[in-house]
Amino acid sequence: MHATPEPPRGFLRLRQPLPLAVSLLLALTFLGAVIFAWQVFARNQRAQQRADSVRALAVVANQLDSQLRAYLGAARILRSEWQRDGSAGYAQFQADAATIQSAFPAFRALNWMDNDGVIRWVYPSRSNQAAQNQAIRNTPDAWTAFRRARDRGALAVSGVLRLQPGGRSIAVYLPIRRGAHAEGYINAVIEPEALMRQAYSRQFARNYSLSLSDGRHTVFASDTELQNAAYAVQSTLKVGGQTWLLRLSPRNIRVAGADVAWTVIAIGTVLAVIMAWLCYWLLITLNERRGSQLQTYRAANFDRVTGLGNTFRLRAQLREKLPAASAAAPLVLVLIHLGRFPLINSIYGFARGDAVLRIVTKRLLALVDSVECLFRNGSNEFAVVMPLAESDSEEALAKRLMSVLSEAFEIHGMSLRLPCSMGLAVAPEHGTSADDLLANAESALVQAREDKVSGHRVYSENLRTGTATKLRLESRLRKAVENGKLTLVYQPIVRVADRYLHGFEALVRWTDPEFGSVPPATFIPVAEQSGLIEPLGRWVLEKACAQAAEWSREFGKPVQMSINLSPSQVLDLGLVDEVRRVLDQTGLPPECLVLEITESLAMQSLDVAVDLLNRLKQPGINIALDDFGTGYSSFNYLTRLPIYAIKLDREFIRNLGSDPRVTKITGMMIQLAQTLGLQVVGEGVETLQQYELLRDYDCDLVQGYLFSKPVPAEQARILLRESRIFPHPDSHPVPRRGMGEGVPIP
């Protein structure tokens, strides 16, 4: 880091030293602080040990749950092949089973049994020959699961089974139906130890011991007994009617003992004595007046964290350099805004935020002439003032600055990127005074923050006009939020299978006397940038929850309400308490509330999103992933996010049926999401063809103009009374199967 320029000379010195008592008091205070810090550290170590174990157990539980659901999905595929081809025989069963086992090696056996529970066909036949023609009636746990599958007509999972010639397994039973009759059962035998080895990685094996049981029998244990059982944590999984107990404990306890404590106290005592002596010597030799004046000077002119000049220093430098600026030797002012920086302070603490500022300073200093050219102009804003070379340009300078700031920052063990925006103004073309040049650069910065392509703007008169309009819009929006002049409309969400109303999505609308009907795409970004999104989001949450609670009481049934969350709301640490307060105030059950976040927001920082969404889901609230498929579409991270549904992006629905590739991808996404136990919602359904394709792909829910536009509360109440939704009269569905516009969907 470059040294801070020294203040002018001529500062006076101290005339009297401070008493020795101050040094002794400092030593005692330091020793007490060392002891207290050690106690806090040891207590935090114990709390951190348990927190690490809980997080590790959640990771293993999620991995095991995903593995089990994937294997159950594979068993369903085998059952589907059997049901679809009524003429399939033993050879076809062997071929299908071989294909599935090759992809899912933890299957010990794939069998077909008749309605009496007798195993008729087995695969692989060589290693499972003894099971052929055997009845499971004599195996109580297996028979209990088989009867549960038979009585309920659905998948059932057994507890731990001891199979010949040895080993422990889990049995899955899936009834095969053709019409109203059962034609036997698919019996899949899974080796849980193989699943656990996939979920229980080497990294976990080095640090944790783990066991899995069904409550009576242990199916997997990494050790003969849990290491450090006093620190053990546990979790339960329920799959196919069977409950499993996972227990995990750390192998190494990171809690220091009393011997280390005495060592710390001894070292602290020595350091306290040394500090007392140094303090006494410094107090009698330092120049008190010079130190006071130096501190005052630096506080008034320089930033404490980065050592750079502050806003006052920036203005002084502009006043000094502007008289020399000319068309032949222009002076450029660049204002740099770091987006999302306040979130680092709120989530990771000010110490890590300060570390990021120092990294930014180091990167920028590598590009400018000297430390006198770089300033910190605000909490998350920097300024560069330097002559613009004849061979250089504003665009080239902005791109160089943008390139060094686009590199990732390592924060809390994670790699994060901070979006940055830049506004440029050049003297004397854009101003000959410090105030004019700063105002014009600020206007360019405001526009740059809205520019999603380049991220930087050079000042022009048009920018000033646009900024003035935006400020006027922000002022009107602030008054509308304060005076409750916004409204909510509600778009129905419809069940695909029977077209019954499932719930509503609340959407905010604003009509201003001056600007007229302002689209959400226009005023929501203004609310985000001006800090209005918090009161606006709180108003939407309160009003939508109150409306859903009112309808639930009026119609005697729960009404589900979906609400979109902005990035600022999701990353607000007080969101959980705010949601709980609104639910308590309105009386809406937590399960009736669905909070929607965008896929891109979740992926900006996956670990942070997982932690915050888990805290949101604890009260029982449902989380949905909106705009799925816009840029990531990886099903790997879906197993980590605590969501219950994904909402397919409108671009997929718009091209459904017209683009074969999009149609095929949409069907695959629906099938894979449902295999992971997630509901799928199709947004923007406007044609009958789109609806029918989603129905054919077994999509769960839809919403769009085919059924209803977003409507006011009174019209939504009418839809609730009717329950079953037909196409909207104003929609224009594509005629299919001889059906015309406005005909009810079959």
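The values are calculated or read from the model by the stated rules, or taken from the named source; none is laboratory data. Just so it is clear, the structure is predicted and the values come from calculations on it, not from any experiment. In this analysis, Cβ positions are derived from the backbone assuming ideal geometry, glycine residues included, and neighbour counts consider all displayed protein chains.
There is no residue in the range 312-331 that is closer than 18 Å to residue 420 by Cα and either assigned by TED's automatic domain parsing to the domain that holds residue 423 or in contact with a helix residue (DSSP H, G or I) (Cβ under 6 Å, 6 or more places away or on another chain) (or both). Select from the range 239-254 the residues that are touching a Phe, Trp or Tyr at 6+ places or on another chain (Cβ under 9 Å) and either at pLDDT below 80 or over 29 Å from residue 145 (Cβ atoms) (or both) and list them in ascending order. Matches in the range 239-254: 240, 249, 250, 251, 253. The residue list 558, 535 contains one member that is surrounded by fewer than 16 Cβ atoms within 10 Å (Cβ to Cβ) and assigned to a loop (DSSP other than H, G, I, E, B), which is 558. Checking the structure you have, find out if any residue of the range 140-149 is closer than 16 Å to residue 172 by Cα, over 42 Å from the mean Cα position of the chain (by Cα), surrounded by fewer than 14 Cβ atoms within 10 Å (Cβ to Cβ) and of a type outside the set (D, E, K, R). Yes; the residues of the range 140-149 include at least one that is closer than 16 Å to residue 172 by Cα, over 42 Å from the mean Cα position of the chain (by Cα), surrounded by fewer than 14 Cβ atoms within 10 Å (Cβ to Cβ) and of a type outside the set (D, E, K, R).
Can you find a residue that is among the basic types (Lys, Arg), assigned to a helix (DSSP H, G or I) and crowded, with 17+ Cβ neighbours inside 10 Å anywhere in the range 682-704? No, because not a single residue in the range 682-704 is among the basic types (Lys, Arg), assigned to a helix (DSSP H, G or I) and crowded, with 17+ Cβ neighbours inside 10 Å.
Name the residues in the range 644-681 that are among the basic types (Lys, Arg) and either buried (at least 22 other Cβ atoms within 10 Å of the Cβ) or in contact (Cβ under 8 Å) with a residue 24 or more places away in the chain (or both), would you? The answer is 647, 650, 654. Among the residues of the range 525-565, those that are over 17 Å from residue 483 (Cα atoms) and of a type in the set (Val, Ile, Thr) comprise 526, 559, 563.
Just one residue in the set 360, 371 is closer than 20 Å to residue 388 by Cβ and in the same structural domain as residue 384 (by TED's automatic domain parsing); that residue is 371.
All of (1) in contact with a Lys or Arg (Cβ under 6 Å, 6 or more places away or on another chain); (2) hydroxyl-bearing (Ser, Thr, Tyr); (3) at pLDDT below 80 hold for residue 487 with one exception: (3).
Exactly one residue out of 654, 695 is basic (Lys, Arg) and under 17 Å from residue 501 (Cα atoms), and it is 695. Within the option set 389, 396, 366, being surrounded by fewer than 13 Cβ atoms within 10 Å (Cβ to Cβ), at pLDDT below 80 and of a type in the set (Gly, Ala, Ser) holds for one residue only, 389. Answer yes or no as to whether residue 464 is outside the structural domain of residue 698 (by TED's automatic domain parsing) and either basic (Lys, Arg) or at pLDDT 85 or above (or both). Yes: the conditions hold for residue 464. Of all residues in the range 326-354, those satisfying the criterion of being in a helix (DSSP H, G or I) and without any contact (Cβ under 8 Å) to a residue 40 or more places away in the chain are 342, 345, 350, 351, 353. If the condition is being in contact (Cβ under 8 Å) with a residue 60 or more places away in the chain and in a helix (DSSP H, G or I), then the range 75-92 contributes 75, 76, 78, 79, 82, 83.
Evaluate the following for residue 384: is it under 28 Å from residue 566 (Cα atoms) and at pLDDT 85 or above? Considered against the rule, which asks whether it is under 28 Å from residue 566 (Cα atoms) and at pLDDT 85 or above, residue 384 comes out as no.
Residues in the range 350-360 include at least one that is among the aliphatic types (A, V, I, L, M), exposed (fewer than 13 other Cβ atoms within 10 Å of the Cβ) and under 15 Å from residue 409 (Cβ atoms). In the range 380-394, the residues that are within 19 Å of residue 440 (Cα to Cα) form Cβ pairs under 7 Å with partners that are surrounded by fewer than 18 Cβ atoms within 10 Å (Cβ to Cβ) and of a type in the set (Val, Ile, Thr), at six or more places apart or across chains, as follows: 384/368; 386/368.
When you scan the range 673-680, do you find a residue that is more than 23 Å from the chain's Cα centre (by Cα), part of a loop (DSSP other than H, G, I, E, B) and at positive phi, even just one? Scanning the range 673-680, I find no residue that is more than 23 Å from the chain's Cα centre (by Cα), part of a loop (DSSP other than H, G, I, E, B) and at positive phi, so the answer is no. Screening residue 522 with (1) crowded, with 18+ Cβ neighbours inside 10 Å; (2) farther than 23 Å from residue 718 by Cβ; (3) among the polar types (S, T, N, Q) gives one miss only, at (1). Please determine whether any residue of the range 448-457 is crowded, with 21+ Cβ neighbours inside 10 Å, assigned to a strand (DSSP E or B), at pLDDT below 85 and under 34 Å from the mean Cα position of the chain (by Cα). Within the range 448-457, one or more residues are crowded, with 21+ Cβ neighbours inside 10 Å, assigned to a strand (DSSP E or B), at pLDDT below 85 and under 34 Å from the mean Cα position of the chain (by Cα). Kindly establish whether residue 95 is assigned to a helix (DSSP H, G or I), of a type in the set (A, V, I, L, M) and surrounded by fewer than 15 Cβ atoms within 10 Å (Cβ to Cβ). Criteria met by residue 95.
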